[in-house]
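Step one of this worksheet: look at the structure below.
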Amino acid sequence: MLELWAAIDLLRGAVVTLKQGKEAMKTTWGEGALEVAARWEREGADGLHIIDLDAAFGKGSNRETIMTILKRAEIPVEVGGGVRSLSIAESWLESGAARVIVGTLAYKEPETLSKLLRMRGAEKVVVASDYADGKVVTSGWKVRQDVGVLDAARGFEATGVVNLLVTAVGRDGMGTGPDLATMKALCDSSRRLRVIASGGIRDVDDLKKIEYAGAEGAVIGRALYDGGVTMGKAKAALRRNG
């Protein structure tokens with residue numbers, strides 16, 4: 001069954017959701033990060049997907065808050081945002097993260113990615129393949145790489161990557177539905193990658209379509225916060241779907 005990861009994006013200590021990865025297009029949610037993490041765990045999330053946006057934008061860190069979540073959570077937590085060195089990746093894993101998410105690092109320093117995979121094992125690493133108009137974007141979604149998302153996925157698979165987080169940045173936070181065509185193309189072209197979908201998810205029907213496309217997991221953000229998706233109903237529907 002499709003794994004459901006609850007997104008917790010942190011900006012200056014607050015829980016936010018962005019539209020299209022843009023800080024200027026943010027919604028701040030009232031609950032604190034610790035309360036939100038406890039709520040998504042209580043409601044049945046398979047894991048927590050935490051992104052330190054301050055670190056991603058190179059403007060600071062939410063490390064203390066994330067460390068507290070790691071200590072309290074009883075479900076897997078994956079951490080990303082600003083993980084641009086081997087030492088940062090290692091520190092999150094040593095602090096209790098089940099998986100660490102690397103984006104910019106994977107594209108800029110493939111040898112460092114390979115070393116991390118060897119040292120920690122592929123299951124502990126998630127490579128983020130964020131894309132806009134078919135091309136990969138990095139560095140807090142500000143730099144466009146000259147590589148398509150499908151070609152990038154093939155390269156990562158050859159390197160030994162197992163977990164690939166694919167985010168349609170143009171749909172992220174917009175509630176316009178996931179990019180199912182790209183998702184299906186990625187899943188169909190890979191034998192070993194576990195594709196995790198993100199961006200544009202509105203409701204349970206979108207989750208069913210993502211699962212049908214071949215993805216192993218989904219990261220749910222705005223739809224959880226505005227009530228478009230509840231964990232309990234989503235799990236029940238996916239069980240029936242399976």
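The values are calculated or read from the model by the stated rules, or taken from the named source; none is laboratory data. Keep in mind the model is a prediction, meaning the values are calculated, not measured. Because the Cβ atoms are built from the backbone with ideal geometry, glycine has one as well, and the counts that use them run over all protein chains shown. For the accessible areas, the whole protein counts, side chains as well, though only heavy atoms, and no ligand, DNA or RNA atoms are used. Shrake-Rupley method; radii C 1.70, N 1.55, O 1.52, S 1.80 Å.
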Of all the accessible heavy-atom surface of the stretch 198-237, with the other protein chains kept in place and a 1.4 Å probe, what percent is carbon and sulfur? 45
Could you tell me, in Å, what Rg and Dmax come out for the Cα atoms of the stretch 25-74? 11.7, 33
Whether the stretch 1-45 is rounded, prolate or oblate, judged on the alpha carbon gyration tensor where a/c under 1.5 counts as rounded: oblate
How large is the helix-only mean residue ellipticity at 222 nm for the chain, computed as the sum of -39500 (n - 2.57) over DSSP H runs with n ≥ 4, divided by its residue count, in deg cm²/dmol to the nearest 500? -11000 deg cm²/dmol
For the stretch 190-235, what is the convex hull volume of its Cα atoms per residue in Å³? 68
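Tell me the carbon and sulfur percent of the accessible area for the stretch 81-136, rounded to whole percent, probe radius 1.4 Å.
Details: 1110 of 2270 Å².
The C+S portion of the solvent-accessible surface of the stretch 81-136 is 49 percent.
Tell me the volume per residue, in Å³, of the convex hull enclosing the alpha carbons of the chain.
Details: hull volume 26.1 nm³, N = 242.
Cα convex hull per residue, to the nearest whole number: 108 Å³.
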May I ask you to list the aspartates and glutamates whose Cα is less than 17 Å away from that of Lys135, ignoring any residue fewer than eight positions away on the same chain? Asp146, Asp151, Asp172, Asp179
Simple label model, 7 Å out from Cα along Cβ direction - Arg240 to Ala181, nm: 3.0
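When a/c is below 1.5 the answer is rounded, else prolate if a/b is larger than b/c, else oblate, so apply that to the stretch 85-147 with a ≥ b ≥ c taken from the square roots of the Cα gyration tensor eigenvalues. Numbers along the way, then the final one.
Details: a/c = 2.29, a/b = 1.98, b/c = 1.16.
Prolate, because a/c is 1.5 or more and a/b exceeds b/c.
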What is the calculated FRET efficiency for Met25 to Lys135, with r their C-beta to C-beta distance and R₀ = 22 Å, to the nearest 0.05? 0.60
Here the membrane-span-like helices of the chain, with no claim about any membrane, defined by DSSP H, Cα axial extent at least 20 Å and mean Kyte-Doolittle at least 1.0, are none
Give me the aspartates and glutamates in straight-line cross-link reach of Lys115: C-alpha distance below 13 Å, same-chain residues under 8 apart excluded. Glu90
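Past 28 Å, Cα to Cα: identify those pairs from Lys19/Lys108; Lys71/Lys108; Lys19/Lys184, in the order given. List each step's numbers first, then the result.
Values: Lys19/Lys108 25 Å; Lys71/Lys108 31 Å; Lys19/Lys184 23 Å.
As for pairs spanning more than 28 Å Cα to Cα, those are Lys71/Lys108.
What FRET efficiency, computed as 1/(1 + (r/R0)^6) with R0 = 45 Å and r the Cβ-Cβ distance, is obtained for Glu90 and Asp188, rounded to the nearest 0.05? The partial results should precede the final answer.
Working: r = 34 Å, r/R0 = 0.76.
The calculated FRET efficiency here is 0.85.
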